[in-house]
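Chemist: Right, I'll just put the structure down here and ask away after.
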Amino acid sequence: MSQGELIEGIALDAEAEARRIVEEAAKAVQERREAAEKQAAELLQEARRKAAEQAGSLQRQIATSAKLEVKRIGLRIREQAIELVTEQVRSRLAAMIGKPEYREVLIGWIVEAAIGLSLPEAAVNSSAAESAMIDEPLLTEAQRRVLELTGRKVSLSKAAGDPLIGQGVVLVGREGRLAFNNQVSTRLLRRQTEIRRIVYEL
């Protein structure tokens with residue numbers, strides 16, 4: 001083989017090797033591009049999935065917050081309604097003091113307190129405005145009704161000393177150790193559950 005043929009053979013081999021290297025490089029580039037595109041697609045899909053989850057979570061949070069806010073507003077309105085009802089009851093009862101029909105209210109409260117106290121003797125205390133209405137005939141009528149309702153006799157008298165500050169009556173046993181508070185504020189506290197039920201139903 002001549003020197004020229006040898007050089008030509010080397011050149012051909014080099015060219016073939018160069019083509020092979022270029023083809024392998026192109027193939028590697030194509031594989032990397034495909035892998036990158038696949039990875040990008042997977043990342044995009046994962047991002048969309050996470051975004052959807054976050055959106056769903058955010059929607060649930062908003063819905064929960066809205067429900068809580070509606071509930072909070074509802075409770076506030078109910079509490080305001082209860083306060084309004086309570087104040088109206090106080091105002092109406094206060095406006096009745098001194099009127100003829102209020103005498104019957106006082107008798108009812110005294111009878112209820114006497115039955116609750118369940119003592120043979122009790123002194124009846126009230127506010128200064130109500131004190132003038134609590135006379136002997138009223139106490140006698142209250143005693144009669146207690147006897148009629150329970151079969152027990154009770155002796156009621158008007159309490160000595162300072163009048164009550166709030167509206168209503170308080171019955172105190174002879175020794176002063178037992179008492180039954182039937183003032184308006186206490187009666188309203190005892191009826192809170194019933195008042196709440198009525199307001200909630202409305």
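The values are calculated or read from the model by the stated rules, or taken from the named source; none is laboratory data. Here the structure is a predicted model, which means the values were calculated and not measured. Here Cβ is always computed from backbone atoms with ideal geometry, including for glycine, and neighbour counts include all displayed protein chains. SASA here: full protein model, heavy atoms, side chains in, ligands and nucleic acids out. Shrake-Rupley method; radii C 1.70, N 1.55, O 1.52, S 1.80 Å.
Chemist: Please name all residue pairs, on different chains or six or more residues apart, with Cβ atoms under 6 Å, provided the first residue is in the range 54-82 and is within 15 Å of VAL199 (Cα to Cα) and assigned to a helix (DSSP H, G or I) and the second residue is open to solvent by 70 Å² or more (accessible area, probe 1.4 Å) and of a type in the set (A, V, I, L, M).
Modeler: Every condition considered, no pair remains.
Chemist: Let me ask you something else. How about the range 180-202: which of its residues are touching a helix residue (DSSP H, G or I) at 6+ places or on another chain (Cβ under 7 Å) and not in a helix (DSSP H, G or I)? It would help to see each step written out before you state the result.
Modeler: Going through the range 180-202, the residues touching a helix residue (DSSP H, G or I) at 6+ places or on another chain (Cβ under 7 Å) turn out to be 180, 182, 184, 188, 195-196, 199-200.
Answer for the range 180-202, where residues must be touching a helix residue (DSSP H, G or I) at 6+ places or on another chain (Cβ under 7 Å) and not in a helix (DSSP H, G or I): PHE180, ASN182.
Chemist: What number of residues within the range 120-134 are open to solvent by less than 60 Å² (accessible area, probe 1.4 Å) and within 15 Å of LEU156 (Cα to Cα)?
Modeler: At the first step, the residues of the range 120-134 found to be open to solvent by less than 60 Å² (accessible area, probe 1.4 Å) are 122-127, 130-131, 133-134.
Remaining after also requiring within 15 Å of LEU156 (Cα to Cα): 122-126, 131, 133-134.
Selection size over the range 120-134: 8.
Chemist: Something else now. So is LEU149 under 15 Å from LEU171 (Cα atoms) and open to solvent by 30 Å² or more (accessible area, probe 1.4 Å) or not?
Modeler: When the stated conditions are applied, LEU149 does not pass them.
Chemist: Report, by residue number, each residue of the range 73-126 that is of a type in the set (S, T, N, Q) and more than 16 Å from THR186 (Cα to Cα).
Modeler: The first filter runs over the range 73-126 and keeps only residues of a type in the set (S, T, N, Q), leaving 80, 86, 88, 91, 118, 125-126.
Within the range 73-126, GLN80, SER118 qualify.
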